[in-house]
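> I am attaching a structure below and will ask some questions about it afterwards.
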Amino acid sequence: MFLGLRIIALIAGIIGAAPLAGAPDPFLWLENVNGTRALAWVKAENAKTLAVLQHDPHFAPFKATALALNQSQTRIPTPDMIGGRVYNFWQDAAHVRGIWRATTITGYAQHAPPWKTVLDLDGLAAAEHKNWVWQGADCDSPGGTRCLISLSEGGEDASTVREFDLKSGTFVTGGFALPRAKQSVAWLDDDKLLVARPWEPSDVTASGYPYIVKTLERGRPLADAVELTRGTTTDVEMQPEELHDGQGHRVLAIRRGVSFFESATSLLTPSGLRRLNLPLKSNLRALVAGRLLISLAQPWRIGNRTIASGDLVSVDLAAAMADPAHLEPSIVYAPGPRESLDDVGRTRNRLIVTSAENVRGRVAVYTPVASGGWSKRALAIPDYSTVQLESANDRGSTAYIAVTSFLTPTTLLQLDTSTATARVAKARPALFDAAHDVVEQDEARSKDGTRIPYFIVRPKHLAYDGNAPVILNAYGGFGVSETPFYSGIIGRLWLTRGGVFVLANIRGGGEFGPAWHDAGLKTHRQRIYDDFAAVARDLIARKITRPQRLGIMGGSNGGLLMGVEFTQHPELYHAVDIEVPLLDMLRYERIAAGASWAGEYGSVSIPRERAFLASISPYHNLKAGVRYPEPLIWTTTKDDRVGPQHARKFAAKLAAMHIPYLFYEVTEGGHGAGANAKETSLTTALEFTYLTRRLMDRR
């Protein structure tokens, strides 16, 4: 729910609200996302930034390269297994908004798969005069022929949901159609849905999510939906979920998010909703052979047993339905001190688990055994790689695993879970010449002595004279792990031009399990910022770079990280790329759906937490007389997740203080760089033009 995070802007609670404390905020008017004055300011700021960056000689070739890479036919079509067939959503020069298409497993294995277009989003948008952006399809109807397709206008998280028939390839006449909202939907049966949405405009939590779940029957208006359960406005959200396996077991669950990281989960049983006796920091992950898979983010004490935080366990579904208060879990995966659980998937009768060991990808297939336990077979994976579970066939034994690293193009493996063997299904050709580069994993010591690993991608024959242009990237929040990835953009626009790329695994992420995340929660968050600065200093101490050649970039929560580093350590960096950020940490709970993140950042309503937020809030810690590096700050108007308000106000305050900056606001795209390849390519070109000007062109 953050990069993963689904967030809504409660405009009525934002516009005209009084400051929380201290002097009035002179830039509060910029929080009116679509206000005439605010949009005029954005237009003027965009023009100033474009006048600088678009006229730089690097911009045009950077944009052309980014667009060619983003629309390249050599991209691996990401597989999505639905009903034993392979589906894929694809965008290119001829399909700007994209097409949803399908083929067979055998057809997908061909060099040029025989795709059949299922839905043409460009055609639909033209016919309906909408800027539709694909948000996915839920095809878990019991009959297996109907899907719920989610479409967004311009890329925002709010969506419309419409029923689609896979056999006819058309939207169902008179079928389910849910108007635009922040909503969650699950198939109850072929003719009923469980829906969480704002049934009335006020039916949202303080975070902007729905808290009332109702049953909606086919052919009935929303007004006739029957309430199943409700939470409270102080919750984060209520969300229905559906799980099924290859043996015909199926279960409906309701997750009540009491905080961002805590959920009370109930199963829909013949006798009604019944609460599972699980720790609040736990999540249902899959259903395999009648066993519920549950991941833990806190210890689980059961009688005299304590199951560790970070473990993956299973419980018998039939027993859980009969007596959800007394569960008997079996441990499936228990990570070591430098390991963490990543993803969980299932085929017809087996479980797939991806994990990381010292931030290096691992994958294993688990088979249920009669005792209630599991047998394990691991696959060999190249070192310094990331493993991503793309899709699995719940009607067979096939799954697809993507393996990627910084210098090796992504390879898609077709995994046969019945034998735990894999073969190459697709391999992307090299997008840049990596022969002269090498990847290392090093460590820095943070302020409190903690070892902070980081990956460095550098020329093999790097001269350790402190002159290498370096981009340092990190995220540091919400338990999100930062792992190696292959990027033609970074390769072509940075590495092949002599640049160095560094990815830091700072605390707040999930690289070493829940404890690594918890170490940076709320008032402990300064550790995260100290970790990042420690990596920067280590790069300087090793004479890889120096402050005049060191740039940093990060988005969303990583954008907050950039803002904090900008204000706390302006002497360390010469370029700061701040992407779709949070920056006003004293009002973040009132902007978009920031209230949902109080479990991560703390709340201004708690004096101790407010004092800490005030101490790190970039917007409030800008100081006159300090020599700051000129930052690039960019956001999107359609971001209904973090919201553009933070970036706007930060830039306006810099202007008032006569501190140089560049600001750009994309008009579409939601919580990202644009709604399509053309828009994202422009944003990419702006970023790398800025970084080149600051770090490479100035010697």
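The values are calculated or read from the model by the stated rules, or taken from the named source; none is laboratory data. Quick caveat, the model's predicted, so the values are computed rather than measured. Don't worry about glycine lacking a Cβ; one is built from the backbone with ideal geometry, like all the others, and counts go over all protein chains shown. The area values use the complete protein model at the heavy-atom level, side chains included, leaving out ligands, DNA and RNA. Shrake-Rupley method; radii C 1.70, N 1.55, O 1.52, S 1.80 Å.
> Around TYR601, with a cut-off of 9 angstrom between Cβ atoms, what is the net charge of the other residues, counting Lys and Arg +1 and Asp and Glu -1?
Local net charge: -1.
> Can you give me the Rg/Rh ratio for segment 249-313, using Cα atoms for both radii and the Kirkwood formula for Rh?
0.97
> Also: Averaging sequence separations of C-alpha pairs under 8 Å and six or more residues apart, then dividing by the length of segment 384-431, give the relative contact order as a whole percent.
Once divided by the residue count of segment 384-431, the mean separation gives 28 percent.
> Would you calculate the separation in nanometres between label points at ASN358 and ASP323, each defined as 7 Å from the Cα along the Cα-to-beta-carbon direction?
My value for the distance between the label points is 4.5 nm.
> Could you tally the net charge around HIS517, taking each other residue with its Cβ under 10 Å from the Cβ of HIS517, Lys/Arg +1 and Asp/Glu -1?
Cβ neighbours under 10 Å give a net charge of -2.
> Provide the per-residue ³J(HN,Hα) series for segment 340-354, in order, calculated from phi with Karplus coefficients 6.51, -1.76, 1.60 and θ = phi - 60°, each as a whole number of Hz, with x at glycine and proline positions.
In residue order, the calculated couplings are 7, 6, 10, 10, 9, x, 8, 9, 4, 9, 9, 10, 10, 10, 9 Hz.
> While we're looking at this one, here's another question. On the protein heavy atoms, probe 1.4 angstrom, tell me the percent of accessible surface of segment 95-134 carried by carbon and sulfur.
The computed percentage sits at 56.
> Quantify how much of the Cα-Cα distance distribution of segment 216-353 extends past 25 Å, in percent.
Percent of Cα pairs beyond 25 Å in segment 216-353: 30.
> Same structure again: Volume per residue, Å³, of the convex hull around the alpha-carbon atoms of segment 489-535?
That works out to 89 Å³ per residue.
> Quick check: convex hull of the Cα atoms in segment 106-194, volume per residue, rounded to a whole Å³?
Convex hull volume per residue, Cα atoms: 125 Å³.
> Just how far, in whole angstrom, is segment 187-221 from segment 439-488 if you go by their alpha carbon centroids?
Each part reduced to its Cα centre gives a spacing of 44 Å.
> Then there is this: Please give the calculated 222 nm ellipticity per residue for the chain, where each DSSP H segment of at least 4 residues contributes -39500 (n - 2.57) and the sum is spread over every residue; nearest 500 deg cm²/dmol?
Computed ellipticity for the chain at 222 nm equals -5500 deg cm²/dmol.
> Quote the relative contact order of the chain in percent (integer), defining contacts as alpha-carbon pairs under 8 Å separated by 6+ residues.
Answer for the chain is 12 percent.
> Can you give the net charge of the other residues whose Cβ lies under 14 Å from the Cβ of ALA422, counting K and R as +1 and D and E as -1?
That works out to +3.
> Additional query: Just to verify a number: FRET efficiency for ALA93 and THR667, C-beta to C-beta distance, R0 = 22 Å, to 0.05?
Efficiency for this residue pair is about 0.55.
> Taking +1 at the Cβ of each Lys and Arg and -1 at the Cβ of each Asp and Glu, which of ALA534, LEU194, SER72 sits farthest along the dipole of the chain towards its positive end, judged by Cα position relative to the Cα centre?
Checked the options; the winner is ALA534.
> Right, here's the next one. Please state, as a whole number in µm²/s, the translational diffusion coefficient that the Stokes-Einstein equation yields for segment 437-565 at 10 °C and 1.306 mPa s, with Rh defined as the Kirkwood radius across alpha carbon pairs.
Approximately 108 µm²/s, per Stokes-Einstein.
> If you consider only alpha-carbon coordinates, what radius of gyration and Dmax does the chain have, in Å?
24.8, 73
> If you build the convex hull over the alpha carbons only and average its shadow over all orientations, what do you get for segment 172-286? Give it in nm² to one decimal.
7.9 nm²
> Oh, and also: Roughly how many Å² is the accessible area per residue of the chain, as a whole number, for a 1.4 Å probe?
38 Å²
> Taking a spot 7 Å from the Cα of GLN441 along the direction of its beta carbon, which residues of segment 292-332 have an amide N less than 20 Å from it?
Label zone hits: 310-311.
> Using label points projected 7 Å from each Cα along Cα→Cβ, tell me how many nm separate ARG423 and VAL52, to one decimal.
5.5 nm
> Further, regarding this structure: Taking Cα atoms, how many degrees apart are the long axis of helix 526-541 and the longest axis of the chain, rounded to 10 and kept between 0 and 90?
For helix 526-541, the angle is close to 50 degrees.
> Once you have the Cα-Cα distance between ASP697 and GLU227, take 0.36 nm times their residue separation minus that, and quote the gain in nm to one decimal.
163.0 nm is the gain from fully extending ASP697 to GLU227.
> Taking the 0 to 90 degree range and rounding to the nearest ten, how far is the long axis of helix 557-568 tilted relative to the main principal axis of the chain, both from C-alpha atoms?
30 degrees
> When the convex hull of the C-alpha atoms of segment 26-103 is computed, what volume per residue in Å³ does it have?
Output value, Cα hull per residue: 169 Å³.
> Any chance you could run the full-extension gain for THR74 through THR306? It's 0.36 nm times the residue separation minus the Cα-Cα distance, nm to one decimal.
Full extension of this stretch gives 78.6 nm more.
> Label ALA177 and HIS658 with points 7 Å out from Cα along Cα→Cβ: what is the distance between them in nm?
Rounded to a tenth, the inter-label distance reads 5.9 nm.
> Measure off, as a whole percent, the carbon and sulfur share of the 1.4 Å-probe accessible area of segment 251-404, all protein chains present.
C and S atoms contribute 46 percent here.
> Can you give me the relative contact order of segment 259-352 as a percent, contacts being Cα pairs under 8 Å and 6 or more apart?
It comes to 23 percent, rounded to a whole number.
> Please turn the phi angles of segment 104-120 into ³J(HN,Hα) values with the Karplus equation 6.51 cos²θ - 1.76 cosθ + 1.60 (θ = phi - 60°), one per residue in order, whole Hz, x for glycine and proline.
Listing the rounded values in order: 8, 4, 5, x, 5, 6, 6, 4, 10, x, x, 6, 10, 5, 9, 8, 9 Hz.
> Charges at C-beta only: +1 for Lys and Arg, -1 for Asp and Glu. How large is the resulting dipole of the chain about its Cα centre, in Debye rounded to 20?
That gives a dipole near 920 debye.
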